[in-house]
1. Looking at region 15-26, is at least one residue among the hydroxyl-bearing types (Ser, Thr, Tyr), within 20 Å of Asp94 (Cβ to Cβ) and over 13 Å from the mean Cα position of the chain (by Cα)?
2. Residues that are within 19 Å of Thr5 (Cα to Cα), out of contact with any His (no Cβ under 6 Å at 6 or more places or on another chain) and of a type in the set (Phe, Trp, Tyr): which strands (runs of 3 or more DSSP E) entirely in region 40-97 hold 3 or more of them?
3. Out of (1) open to solvent by 60 Å² or more (accessible area, probe 1.4 Å); (2) among the aliphatic types (A, V, I, L, M); (3) under 17 Å from Ile89 (Cβ atoms); (4) at pLDDT 95 or above, what's the single condition that is false for Leu53?
4. Do we have Thr95 as out of contact with any Phe, Trp or Tyr (no Cβ under 9 Å at 6 or more places or on another chain) and at pLDDT 95 or above here?
5. Filter region 56-89 for residues that are open to solvent by less than 50 Å² (accessible area, probe 1.4 Å) and in contact (Cβ under 8 Å) with a residue 60 or more places away in the chain and give the result.
6. Give the number of residues within region 1-40 that are open to solvent by 80 Å² or more (accessible area, probe 1.4 Å) and within 10 Å of Leu76 (Cα to Cα).
Amino acid sequence: MITLTTQAAQQVLKAAGQTGAQGSPLRIAARVDADGSIQYGMGFDEQHEHDMLIRCEGVAVLVSPGSTSLLKVVTLDFVELNPGEFKFIFIAPDTAK
């Protein structure tokens, strides 16, 4: 199932503290667009009855049943794309080549 790098987990926990969402799980979702590309999203949320709860690097992560198959082998990372420009990225095996 989805994993978080240490850098991503640290940034998620920092963001939770800055937005007053300490203790709230991070929901990660994925969907396939009409062109076949996968779109990812995330945000702090409450757990619902059928959600899968995963603990990774100290972060509670929620995944709904509809996103489970798309997130099986995905890694969430937090990287510097350009000097001073940091961003969360989703890495799937087919995009890691």
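1. There is no residue in region 15-26 that is among the hydroxyl-bearing types (Ser, Thr, Tyr), within 20 Å of Asp94 (Cβ to Cβ) and over 13 Å from the mean Cα position of the chain (by Cα).
2. 85-91
3. (3)
4. On the way: out of contact with any Phe, Trp or Tyr (no Cβ under 9 Å at 6 or more places or on another chain): yes; at pLDDT 95 or above: no.
Criteria not met by Thr95.
5. Val63, Thr68, Leu71, Val74, Thr75, Leu76, Asp77, Phe78, Val79
6. Number satisfying all stated conditions: 1.
The values are calculated or read from the model by the stated rules, or taken from the named source; none is laboratory data. All values derive from a computational prediction rather than experimental measurement. Note: ideal-geometry Cβ built from the backbone for every residue, glycine included; neighbour counts use all protein chains shown. Just so you know, the surface numbers come from the protein's heavy atoms only, side chains and all, with ligands and any DNA or RNA stripped out. Shrake-Rupley method; radii C 1.70, N 1.55, O 1.52, S 1.80 Å.
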